[in-house]
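Report on the following structure.
Where a number appears in this text, it was derived from the coordinates with a stated rule and is not lab data. Computed from a predicted model, the values in this text were never measured in an experiment. Using ideal geometry, Cβ is built from the backbone for each residue, glycine included, and neighbour counts are taken over all protein chains shown.
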Amino acid sequence: MELTRVAAPAANALDGIAAAAFGPSARAPQGKEGGDFASLVQQSLAHVNATQAQADSLGHQYQLDQNDVSLEDAMISLQKANISFQTTVQVRNKLVSAYNDVMNMQL
């Protein structure tokens, strides 16, 4: 019972962090029908790539002095892309660290 009360808020918190960093499609799988880890990672990387492409596009449009793009929009988009990328790098670092820990375990 104690584990259930702790695990549910932790899973909800992780869902919120993943949604903020990688978009609303980055949710933890719920049971067997939720999807596999590889598809979740692929979706997350696609969202990060799309965020970076949008930021580059807005930055380029601002540099061309197009009236529909403000400096604030371009800078916010660039910061969102940066945060998404940095989050992806940190998740990768944690996964590599966990993999190394598992591989170094003695049986």
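Filter the stretch 54-97 for residues that are in a loop (DSSP other than H, G, I, E, B) and of a type outside the set (A, V, I, L, M) and give the result.
ASP65, GLN66, ASN67, ASP68, SER70 - these are the residues of the stretch 54-97 that are in a loop (DSSP other than H, G, I, E, B) and of a type outside the set (A, V, I, L, M).
Which pairs do you get when a residue that is touching a residue at least 40 places away in the same chain (Cβ under 8 Å), found in the stretch 35-52, comes within reach of a residue that is surrounded by 13 or more Cβ atoms within 10 Å (Cβ to Cβ) and in a loop (DSSP other than H, G, I, E, B), reach meaning Cβ atoms under 6 angstrom, with the pair 6+ apart or on two chains?
Final answer for the pair search is SER44/ALA26.
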